[in-house]
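Values quoted throughout were computed directly from the atomic coordinates according to the rules given, and no laboratory measurement underlies them. Just so we're clear, the structure is a prediction, and the values are computed from it rather than from any experiment. Note that each Cβ is placed from the backbone with ideal geometry, even for glycine, and that neighbours are counted across all protein chains shown.
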Amino acid sequence: MRAALLQINTTVGDLEGNASLIRKAVESLDADLAITHEMSLLGYPPRDLLLMPGFVSKAWDVLRRLALDLKDSPPVLVGIPEPNISDTGRTLFNSAALLADGSVKQIFRKTLLPAWDLFDEERYFEPASGPQMLNIKGRTFGISICEDIWNDRSPFGRRRYQRDPLEDLRGADCFINMSASPFTAGKHLRREMMLSTIARKYGVPLIYVNQVGGNDDLVFDGRSCAFTPSGELMARAAAFEEDVLVVDMDSHSGHVSRDDFSPESEIWRALVLGTRDYVRKCGFTSAVIGLSGGIDSSLTAAVAAEALGPENVTGVLMPSPYTSRESMENALELARNLRIKTITIPITEIMMAFERTLEPVFRDVKRDVTEENIQARIRGNILMALSNKFGHIVLSTGNKSELAVGYCTIYGDMSGGFSVLSDVPKTMVYRIARWINRRGAVIPPRVLERAPSAELRPGQRDQDVLPPYEILDEILHRHIEQHQSEEEIASAGFDPELVRYVLRMIKTAEFKRKQAPPGIRVTDRAFGSGWRMPIACRM
């Protein structure tokens with residue numbers, strides 16, 4: 001018995017394109033059963049496309065045509081929303097359809113519907129009830145979909161849900177899980193530990209098929225895998241790329257792709273894949289980036305060059321009277337190393353025009369952050385003008401640390417269509433940059449050595465208004481990802497006044513984050529679809 005794990009990169013809403021990916025993966029396949037990921041015909045997450053009955057109906061038309069196209073191929077499990085024809089509950093099920101002999105032979109439904117963090121499946125789906133079993137060639141496969149497998153008490157000691165769907169699958173010869181599990185750094189090792197524990201607990205082989213690719217702020221790392229009844233890893237597909245993995249269920253054998261689980265490697269690959277897919281799936285082919293000569297724009301440019309090809313990336317230098325020669329030299333050296341094009345557009349005259357225009361209103365009021373922000377907004381306008389004129393997407397360059405505390409200018413350096421580093425803390429930005437440079441300097445060494453500065457006034461340094469990034473990032477991690485309170489963080493040895501200052505900045509910057517471009521989620525809690533803080537609140 002041979003099972004094929006089809007790890008494909010689907011695009012949300014592209015029914016015909018996704019069907020073509022499935023068709024191509026199944027063609028000439030030497031297997032007895034092919035398995036795709038959760039919601040594979042639609043791409044995950046489809047979000048409010050699921051509220052459109054016409055779209056769901058069209059998905060079933062495409063599914064039936066796909067079944068006819070694959071009538072001479074092995075049976076294949078395809079993820080699709082299924083209308084709930086009863087007069088009770090939500091209008092859809094999150095389902096998988098078995099395509100065989102030219103038609104839809106059987107339907108399997110998801111039981112556990114996550115409604116936490118970035119998930120909102122209870123908005124759309126009705127849960128299944130009862131075991132979901134598939135019989136092929138004398139074997140019984142217990143079918144589960146994504147969250148259904150994440151509620152076993154053995155690996156984690158605590159259940160999120162009262163019910164464990166795997167208990168209903170006892171007696172199956174093998175477990176199959178069709179998943180769309182988003183990437184965060186370090187998650188896959190926890191995932192494999194969980195899957196191994198479940199396979200060993202029930203004494204059956206376990207097949208796990210995961211989506212790969214970027215969809216909006218989420219990246220899916222693939223790494224589909226299979227485990228023996230004793231919990232040993234017998235096969236693993238490639239990370240962050242499409243793959244077809246065939247597993248021999250009789251000999252419990254398959255290929256285990258090599259991988260690098262270091263945070264720097266994982267996050268780098270997630271950023272590259274997420275940027276490539278967001279740009280491509282949104283219809284762009286090229287990007288423009290403001291190059292300041294600093295670490296954030298340098299890493300963003302490196303990601304873009306890898307994701308899109310250096311010939312499709314333009315770096316824009318926009319010096320002001322406060323821009324140092326070293327910054328200009330660093331930006332140009334980076335561009336040479338990456339082989340990307342550059343444009344230099346000085347902003348001094350534009351700044352002077354703003355000052356003349358505002359002088360009657362600002363007279364007798366001392367200079368402050370207002371004038372600094374005008375510089376950032378001039379640069380944002382220039383980048384957007386280049387985007388409009390030449391069809392580039394603007395990649396903004398801010399990191400998570402700055403976005404968290406509002407150390408960024410709305411309508412200025414926050415401008416753009418996609419924010420590559422918006423979930424990467426500043427300390428991790430440096431770690432990834434050094435990791436990139438391990439085989440030769442890509443990012444100029446001086447960029448890594450200089451104190452960070454926005455260069456919006458003479459002698460400006462980030463640390464003038466922010467604590468050292470090592471301390472700031474630890475406070476942010478405790479508060480944002482571990483949900484620790486001010487008192488809990490202070491009790492861990494941090495200065496109470498500093499903690500209060502940082503947490504106040506996080507709260508007051510909420511209105512900025514609501515207007516920020518989407519970015520790539522790489523931590524357990526990002527400022528994206530899983531962050532649901534109010535703007536107008538008191539606490």
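Axis angle, to the nearest 10 degrees, between helix 348-362 and the longest C-alpha principal axis of the chain: 70 degrees.
Note on the chain: antiparallel DSSP beta bridges, both residues inside, total approximately 55 percent of the bridges counted. Restricting region 1-91 to GluC sites (Glu not before Pro) that sit in a DSSP loop and have at most 14 other Cβ atoms within 10 Å of their own Cβ leaves 27. Considering only DSSP beta bridges with both partners in region 231-363, what is the antiparallel share in %, to the nearest 5? Of the beta bridges lying entirely in region 231-363, close to 10 percent run antiparallel.
Computed over the chain, the per-residue total of -39500 (n - 2.57) for DSSP H runs of n ≥ 4 gives a 222 nm mean residue ellipticity of -10500 deg cm²/dmol, rounded to 500.
Here, P(r) means the percent of Cα pairs in each 20 Å bin from 0 to the largest distance; for the chain it is 21, 49, 26, 4, 0.
Counting alpha carbon pairs within less than 8 Å and at least 6 residues apart, what relative contact order, in whole percent, applies to the chain?
Details: 1114 pairs, mean separation 60.8, N = 539.
RCO, the chain: 11 percent.
Regarding region 84-129, what whole-number volume in Å³ per residue does the convex hull of its Cα atoms give?
On the way: hull volume 3.9 nm³, N = 46.
That works out to 85 Å³ per residue.
Straight-line cross-link reach from residue 71 at under 19 Å between alpha-carbon atoms covers these aspartates and glutamates, not counting any fewer than eight positions away in the same chain: 16, 27, 30, 32, 61, 101. Taking other C-beta atoms within 10 Å as the exposure proxy, 430, 44 rank 430, 44 from fewest upward. Going by the alpha-carbon gyration tensor, a ≥ b ≥ c the square roots of its eigenvalues, is region 370-470 rounded (a/c under 1.5) or, if a/c is not under 1.5, prolate (a/b greater than b/c) versus oblate? Here region 370-470 falls in the oblate category.
Of the Cα atoms belonging to region 239-372, the radius of gyration and Dmax stand at 22.4, 84 Å. For chymotrypsin sites (Phe, Trp or Tyr not before Pro), the sites in region 89-135 that DSSP calls loop and that have at most 13 other Cβ atoms within 10 Å are 116. Looking at region 377-424, the chymotrypsin sites (Phe, Trp or Tyr not before Pro) that sit in a DSSP loop and have at most 15 other Cβ atoms within 10 Å of their own Cβ are 411. Could you state the number of Å between the C-alpha centres of region 281-329 and region 398-426? Taking the Cα centre of each part, region 398-426 and region 281-329 sit 15 Å apart. Counting neighbouring beta carbons within 10 Å and listing from fewest to most, the residues 325, 538 come out as 538, 325.
Need the C-alpha centroid separation for region 159-197 versus region 256-273, integer Å. Cα centres, region 159-197 to region 256-273: 22 Å.
Between the Cα long axis of helix 187-202 and the first principal axis of the chain there is an angle of about 20°, rounded to the nearest 10.
Convex hull volume per residue, computed on the Cα atoms of region 92-222, equals 127 Å³.
Determine how many Å³ per residue the convex hull of the Cα atoms of region 2-255 encloses. Spell out each step's value before the answer.
Values: hull volume 29.5 nm³, N = 254.
Value for region 2-255: 116 Å³ per residue.
Relative to the dominant Cα principal axis of the chain, helix 263-281 is inclined by about 90°.
In this structure, the amide hydrogen of residue 183, modeled 1.01 Å from its nitrogen in the peptide plane, lies closer than 5 angstrom to those of 219, 220, 221, counting only residues at least 5 positions away or on a different chain. Check cross-link reach from residue 507 to the lysines: straight Cα distance under 17 Å, and skip same-chain residues fewer than eight apart. Hits, sequence-local ones excluded: 400.
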